[in-house]
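In what follows, a single structure is set out as structure tokens and then discussed.
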Amino acid sequence: MKHFLRMLIQICVYFYCKCLWRCMKFVVRKLTGRCELQRICYNNKPGAGRTMKIESSLRDSKSKLLQTSVSVHPDAIEKTVDDIMELKKINPDINPQLGISLQACLLQIVGYRNLIAEVEKLRREPYDSDNPQHEEMLLKLWKSLKPDTPLEARISKQWCEIGFQGDDPKTDFRGMGLLGLYNLEYFAEWDVVTAQQVLSDSLHPKYRYSFAIVGINITDLAYNLLISGALKTHFYNVAPEAPTLSHFQQTFCYLMHEFHKFWIEEDPMDIMEFNRVREKFRKRILKQLQNPDMALCPHFAASEGLINM
């Protein structure tokens, strides 16, 4: 009986809050002459704070058009914005900035959703040693990290020198599929100096860890931050439009470098402490991402492009 009463009270509170919230929105609109989308766009600067509020407003709307606007095809965003303006009876000639702001927010929202799909596709694709493109990427990784050391054979103990577990790296990609290789190769080529330095430090007896294996593990961390929505804060602040795979890979590079510094700061006894250090690092990143103004790697930020949106 107590359980039933508790549930009944919760249901009543839920519907009361829902009705009260809608009434408040109605009153505020009448007083200000602006709908919720207008108030969000005009009262918040471009970036994660604004985009996340727009996303929440659209998802929670009772209008089917607004609910589905967060999942339209990128090519349909401009028309969707026009439809929203018409639905809300907003004159685009009087409110030209609103349409621009809504379009920018929708590009980020839809882009994040599409990025998840693209990353998931790479994660699900297994490494295939019979695929020339896969093999070419793997060999390119070696050349980027060890430019002065020729690889003696495709199956070789040399792979352990860059942190793989055995003589054939393909077995290490099972958890993250091609995504792990894509990230490692991007890091080694895009930020070659940092990648080589991190690799060199990882071989030091005091801080020793397996560079490639840790890279695949940090790929898993980046992947989970992405699909959980935690990276929205970062991407909505650094990508003026749709976040791309390059944004994700740049974020991986940042996480890889930061984890390396964190590992050294923690000064673990040995590699057996990896899970503890990784979890502590994950919590630190999550805490940073709770700040709506946070950009994990500000040198990737396109703040100038966000100013007028």
Between 0 and 90°, nearest 10: helix 77-87 axis offset from the chain longest Cα axis: 20 degrees
More than 16 Å apart - percent of Cα-Cα pairs taken over the range 142-239: 61 percent
Accessible area (Å², 1.4 Å probe, nearest 10) - S210: 50 Å²
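Percent of alpha carbon pairs in the chain separated by more than 26 Å? Could you put the intermediate results ahead of the total?
Details: 26551 of 47586 pairs.
Roughly 56 percent, once rounded to a whole number.
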Over the range 168-222: Kirkwood hydrodynamic radius from C-alpha pairwise inverse distances, Å: 11.6 Å
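To the nearest whole percent, what portion of all C-alpha pairs in the range 183-291 is separated by more than 23 angstrom? Please list the in-between numbers first.
Working: 1601 of 5886 pairs.
Tail of the P(r) past 23 Å holds 27 percent of the pairs.
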Spin-label pair K146/M272, simplified geometry with 7 Å Cα→Cβ offset, distance in nm: 2.9 nm
Under-5 Å amide H pairs with G163, H placed in peptide plane, nonlocal only: F211, A212
In Hz, Karplus ³J(HN,Hα) per residue of the range 270-279 (6.51, -1.76, 1.60; θ = phi - 60°; x = Gly, Pro): 6, 5, 5, 8, 4, 4, 5, 5, 4, 5
Average Cα contact separation per residue, the range 194-293, under 8 Å, 6 or more apart, as relative contact order %: 34 percent
In order through the range 60-73: 3J(HN,Hα) via Karplus (6.51 cos²θ - 1.76 cosθ + 1.60), integer Hz, x for Gly, Pro: 8, 5, 7, 7, 5, 4, 5, 4, 7, 5, 7, 10, 6, 5
Surface per residue (accessible, 1.4 Å probe) for the chain, Å²: 55 Å²
Q197-E265 pseudo-label distance in nm [points 7 Å out on the Cα-to-Cβ vector]: 1.6 nm
Heavy atoms of R59 accessible to a 1.4 Å probe, total area in Å² rounded to 10: 120 Å²
0 to 90° range, to nearest 10: angle between helix 245-266 axis and the chain longest Cα axis: 60 degrees
Degrees separating the helix 132-145 axis from the principal Cα axis of the chain, which is the longest one: 70 degrees
Cα centre as origin, Lys/Arg/Asp/Glu Cβ charges: the range 77-157 dipole, Debye: 320 debye
Accessible surface of V193 - all protein chains present, 1.4 Å probe, nearest 10 Å²: 110 Å²
Cut-off 14 Å between beta-carbons: net charge of the residues surrounding V277, Lys and Arg +1, Asp and Glu -1: +1
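How do E86, E279 rank by accessible surface area computed with a 1.4 Å probe, from largest to smallest?
On the way: E86 140, E279 65 Å².
Order by accessible area, largest first: E86, E279.
Taking a threshold of 25 Å on the Cα-Cα distance, which of the pairs K232/K283; K157/K261; K64/K89; K206/K232; K146/K261; K64/K88 fall above it? Before the final figure, lay out each step's value.
On the way: K232/K283 16 Å; K157/K261 27 Å; K64/K89 16 Å; K206/K232 36 Å; K146/K261 22 Å; K64/K88 13 Å.
In this structure, K157/K261; K206/K232 lie more than 25 Å apart at Cα.
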Amide proton proximity set for Y127, modelled H, under 5 Å, gap of 5+: L178
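Quick one: Cα convex hull volume of the range 69-179, Å³ per residue? Present the calculation step by step, with values, prior to reporting the outcome.
Numbers: hull volume 15.2 nm³, N = 111.
Taking the convex hull of the Cα positions in the range 69-179, it is 137 Å³ per residue.
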Residue-by-residue Karplus 3J(HN,Hα) for the range 190-200, coefficients 6.51, -1.76, 1.60, Hz, glycine and proline x: 6, 10, 4, 5, 5, 4, 5, 5, 4, 4, 4
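Please give the contour-minus-distance gain from E189 to E136: 0.36 nm per residue of separation, less the Cα-Cα distance, rounded to one decimal in nm.
Numbers: separation 53, 0.36 × 53 = 19.08 nm, distance 1.36 nm.
Gain in length upon complete extension: 17.7 nm.
The values are calculated or read from the model by the stated rules, or taken from the named source; none is laboratory data. Values in this document were obtained by computation on a predicted structure and should not be read as measured data. For neighbour counting, all protein chains shown are included, and Cβ atoms are generated from backbone atoms with ideal geometry for every residue, glycine included. Side chains included, ligands, DNA and RNA excluded: accessible areas come from the protein's heavy atoms. Shrake-Rupley method; radii C 1.70, N 1.55, O 1.52, S 1.80 Å.
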